[in-house]
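Working notes, structure below.
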Amino acid sequence: MTKFMLLGLFDNVTTTATVVGEVRDLGIKDSEMEIMSNIPYASKIFGRKTPRQWFLPFALGGMAVGVLIAFFMSYITPRLYPIEVGGQGLTPVPPSAIMYFEFMALFTMLGAFVGFLLQNRFPILVRQMYDERITEGYIGVQVLAPSEAVMEQVVKVFENHHAAVVKREDAAGFPDQGMRHLLFWGGLGAAGLVAVLVPLLLTYDVVRLPWINTMKDTVVVKAQEGPRRAAPPDAVPIQGPVLIAGQPATERLPDTPESRERGAALFSINCAMCHGPAGNGEGVVGLKHFPETPPLDGERAAALSDDAIFLVITNGKNRMPSLAENLSPGDTWDIVNYVRSLGGAPAEAGQ
Amino acid sequence: MLESRADSSPFWQPHDPEDEHLAEQVEHGREEHLLLDPLPPAENNAIVLESMNKTGKAFWMAVLGLGGLTLAFLATWIVQIFSGIGVTGLNRSVMWGPYIANLIYFIGIGHAGTFISAALRLLRMDFKRPIARAAELITLFGLAVAALFPIIHVGRIWKLFYMMPIPNQRELWPNFRSALFWDMTAITTYIIGSTLFMYLALLPDLAMARDHSTGWRRKIYRALALGWRGTEGEWHKMESTSNILSYVIIPVMFSVHTGVSWNLAMSIQPGWHSTVFGPFFVAGALFSGVAAVILVMIVIRKTMRFGYFLREEHFNAMGLFLLIMSFTWIYFYFAEWITNWYGNLPMEKAIQRMLTGDLAPLFYLMLFANIVVPVGTLWSRRVRTSLPAMFVICVFIQIGMYIERVVIVSGFLSRNELPFNWVNYTPHLPEVLITIGTFGFLALMYLLATRVVPIIPLWEVYEGQAMQATRRIGRAILPTRTESH
């Protein structure tokens, strides 16, 4: 038996609701009726059940994809290609939280949108029963009548309620959308996936291309490469204390008791924690050092010239930091005088 | 009959009360409220479609002018690419100049769009109905223009691929611990989310345009409308999807400008290193964004003859919104400065030179534009509903917020911890031309979009009109709102 597809247009809600009721009384199921409008009327206005929908799986699925991507971004990638940043672990919590938030949000939205498209079977690629006056405010009632007799009855209902337009056509003219939209999105999705995956294969070194990398061949890098050229003859020598044979590092202070006294005070502030209050290398901090802190009263210290000691204090040596910022040259000479008094060779008098 | 609209006739057919006094009130309500003044949808469709089809002399003049600005932008950019970033006024200390300020500014004006749509939708504020799409378009184009600026700013754009690890021979990896990367993810999420959100609400209007246009337009709208017919299922699912997107996109909106602020705040640059920067930037973004939406509303109302859709009530509501955002911005700005002042750190004190130094004129202009102008005027309904006044106020706010960004980026950078690095920044011609040019580019894109996209969300207006009615209380007729869900 031929089925018929009918469409009636009504200009107000109350009439539409009445028509829906009367058509239902003719034995037509709610699922064989469809109401179209240019306003989101709630279904209860027409005495119908709210249409069913499934958004939770789409939104949760999207969220799960987001979590996976964020995990990949913040956990897997830093372990495949670690970048060490001072004081930070490879996967610190706060930036990871940002990644999880953003990717979850993005893919929840995408998931919901995909859910919207799939549940509505968009894009509709088949002919549909429709009338352009629906976007002019008319409410369309589409009915699938199982037989010609029922069709006549429905038309009568439509006409009794002054339907603006009544369309009737053989239902065979409106084929089922079927899986076409899935094919459409499946094809598009597969193309998109390939477009994302191919660069990822290259990125994660799954596939290696003999790519030319010119990054190290730049002008900037070449200038830094050796061998280092000698300084030109008229170059200005380095500023600050340097050991030049036969010359004192700076103007030294004479070794007087006052100078030693000042030196002792400065020594207890700046040196004692490592070299020990007595200068024997057994300071609280110094004992923990490896190699161990050298004593200042032994032969090793005695073997150094005053200028050499001055330079060690100023520039530092091995684990010992430079004290140039803490001590003025005068302070440093005071300490040298004091250190000389601790043992080893007697201090040279004067310059 | 007065209490509720007779539902056995179309919602757009008026029912005038017989009592003369009441009829007068109904007439008054119709003038005041868009939702109480329904026209047949066919007429409204025609207003919108005609405004899209009309390309008069003024339109082409505008296209020419804005196209010229766009060309100036492109030409300057090409010059900058050929001669290097050195042609700009950027220097070693002030390495972030107006380009980064523009990035912040354009992302900022893009903020209000989705906020107005999503938050006001969830709060069921009726005044946003005719505004939503114009605002969302600002979001899209604002973000698109903003995304240009990092590319302009890097200088050697032919080495842009260095930033992408494809293929991996350079061993360059996006470091997710970098604030720049947080910002990039947030912006990407926001631009994709905003596009989906806008497209979703656009479907019924695309279907309308499909039904009532011809030629190439019909073909395009037909493809874009995806076969929308407006069945109960389609509407219901659209509603749910919009809800989900709204709930998700509001926190994302907050994260975007917070991410932008972290680009600055995660450094130890005095003036930037501040925990208040996140919310402060969000408040500033909404402030300038709402002002930008009002500007666009005024322009499209004038040029596209949307007097029917955009009425005093909408400007009034947006003006109040703007006033609230102004208060919020003032609060955050004060909070930032007082911490700075109380801390009294020498390097942070150096940036307080704004109060008296060479940046003082800009600083006080900003305070005037962002505080004195809005707070001093917007309390008055007469000002809020006057289009010329609102235009001037919103232009002031744009100027003020632009200065705020420039001062934060280049002003603070010019005084860092090491005084030997102190240097003042003066923009050179390329920055000026590129900045002005991109404003033209944004306006041009918007202008062209208004001829293709139905800029008034008609279905939202119809929904509001169908669900609004009047109710008689005593001798007065007052608007009421029906909630059908």
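The values are calculated or read from the model by the stated rules, or taken from the named source; none is laboratory data. Fair warning: this is a prediction, and the values are worked out from it, not measured in the lab. Glycine gets a Cβ as well: all are built from the backbone with ideal geometry, and neighbour counts include every protein chain shown. Accessible surface is based on the protein model in full, side chains and every heavy atom, while ligands, DNA and RNA are left aside. Shrake-Rupley method; radii C 1.70, N 1.55, O 1.52, S 1.80 Å.
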Task: When residues of the range B:188-204 are limited to those that are over 30 Å from A:M36 (Cα atoms) and touching a helix residue (DSSP H, G or I) at 6+ places or on another chain (Cβ under 6 Å), the one nearest to the other protein chains (Cβ to nearest Cβ) - done: B:T189
- [ ] Those residues that are in a helix (DSSP H, G or I) and out of contact with any strand residue (DSSP E or B) (no Cβ under 7 Å at 6 or more places or on another chain), I need them from the range B:33-48; list them, please.
- [x] B:L34, B:P41, B:A42, B:E43, B:N44, B:N45, B:A46, B:I47, B:V48
- [ ] Look at B:P150 and say whether it is assigned to a loop (DSSP other than H, G, I, E, B) and more than 14 Å from every other protein chain (Cβ to nearest Cβ).
- [x] no
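Per-residue answers, yes or no, for (1) open to solvent by less than 60 Å² (accessible area, probe 1.4 Å); (2) of a type in the set (A, V, I, L, M, F, W, C); (3) at pLDDT 95 or above:
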| residue | (1), (2), (3) |
| --- | --- |
| A:M5 | yes, yes, no |
| A:T16 | yes, no, no |
| A:K29 | no, no, no |
| A:E34 | yes, no, no |
| A:S43 | yes, no, no |
| A:K49 | no, no, no |
- [ ] Please enumerate the residues belonging to the range B:16-32 that are open to solvent by 60 Å² or more (accessible area, probe 1.4 Å), within 12 Å of B:T470 (Cα to Cα) and outside any helix (DSSP H, G or I).
- [x] B:D16
Task: Identity of the residue in the range A:104-119, within 7 Å of chain B (Cβ to nearest Cβ) and of a type in the set (F, W, Y), that ends up farthest from B:M184 (Cα to Cα) - done: A:F116
Task: Test result for B:G278, within 30 Å of B:K349 (Cβ to Cβ), surrounded by 18 or more Cβ atoms within 10 Å (Cβ to Cβ) and out of contact with any Pro (no Cβ under 9 Å at 6 or more places or on another chain) - done: yes
Task: Subset of the range A:54-79 [aliphatic (A, V, I, L, M), more than 16 Å from B:T188 (Cα to Cα) and either in a loop (DSSP other than H, G, I, E, B) or more than 9 Å from chain B (Cβ to nearest Cβ) (or both)] - done: A:L56, A:L60, A:M63, A:A64, A:V65, A:V67, A:L68, A:I76
Task: Count of residues meeting criterion [out of contact with any helix residue (DSSP H, G or I) (no Cβ under 6 Å at 6 or more places or on another chain) and either open to solvent by 80 Å² or more (accessible area, probe 1.4 Å) or aromatic (F, W, Y) (or both)] in the range A:55-102 - done: 15
TODO: Go through the range B:254-264 and give me each residue that's open to solvent by less than 10 Å² (accessible area, probe 1.4 Å) and more than 10 Å from every other protein chain (Cβ to nearest Cβ).
DONE: B:H257, B:V260, B:S261, B:L264
TODO: Six or more apart or on different chains, Cβ under 7 Å: which pairs go from a residue in the range A:72-87 that's over 14 Å from A:D205 (Cα atoms) to one that's hydrophobic (A, V, I, L, M, F, W, C) and part of a helix (DSSP H, G or I)? Could you list them?
DONE: A:M73/A:M99; A:S74/A:M99
Open item on the list: Every residue in the range A:143-158 that is of a type outside the set (V, I, T) and farther than 13 Å from A:K29 by Cβ, please.
Closed with: A:S147, A:E148, A:A149, A:M151, A:E152, A:Q153, A:K156, A:F158
TODO: Would you confirm whether any residue within the range B:49-62 is in contact with a strand residue (DSSP E or B) (Cβ under 8 Å, 6 or more places away or on another chain), of a type in the set (V, I, T), touching a residue at least 12 places away in the same chain (Cβ under 8 Å) and more than 14 Å from chain A (Cβ to nearest Cβ)?
DONE: no
- [ ] Identify, by number, the condition in (1) within 14 Å of chain A (Cβ to nearest Cβ); (2) in contact with a Leu (Cβ under 8 Å, 6 or more places away or on another chain); (3) assigned to a helix (DSSP H, G or I) that B:W12 doesn't meet.
- [x] (3)
Task: Count of the range A:80-100 residues which are at the interface with another protein chain (Cβ under 7 Å from one of its Cβ atoms) and under 11 Å from the mean Cα position of the chain (by Cα) - done: 3
Task: Of residues in the range A:289-345 being among the β-branched types (V, I, T) and part of a helix (DSSP H, G or I), the one most open to solvent (accessible area, probe 1.4 Å) - done: A:V312
TODO: Scan B:Y331, B:Y308 and give me the residue that is modelled with pLDDT under 95 and surrounded by fewer than 19 Cβ atoms within 10 Å (Cβ to Cβ).
DONE: B:Y308
Open item on the list: Kindly evaluate A:T91 against the criterion of being among the polar types (S, T, N, Q), closer than 16 Å to B:S178 by Cα and either modelled with pLDDT of 90 or more or not assigned by TED's automatic domain parsing to the domain that holds A:F174 (or both).
Closed with: yes
Open item on the list: Looking only at the range B:205-229, filter to residues that are facing chain A (nearest Cβ under 10 Å) and not in a helix (DSSP H, G or I); which one of those is surrounded by the most Cβ atoms within 10 Å (Cβ to Cβ)?
Closed with: B:W228
Open item on the list: Just to be sure I understand, how many residues within the range A:127-157 are touching a Phe, Trp or Tyr at 6+ places or on another chain (Cβ under 7 Å) and either part of a loop (DSSP other than H, G, I, E, B) or facing another protein chain (nearest Cβ under 7 Å) (or both)?
Closed with: 5
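Just to check your reading of the model, which residue among B:F161, B:F141 is open to solvent by 10 Å² or more (accessible area, probe 1.4 Å) and either in contact with a Phe, Trp or Tyr (Cβ under 6 Å, 6 or more places away or on another chain) or assigned to a loop (DSSP other than H, G, I, E, B) (or both)?
On inspection, the qualifying residue turns out to be B:F141.
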- [ ] Go through the range A:113-144 and count every residue that is among the charged types (D, E, K, R), within 16 Å of B:P204 (Cβ to Cβ) and open to solvent by 40 Å² or more (accessible area, probe 1.4 Å).
- [x] 3
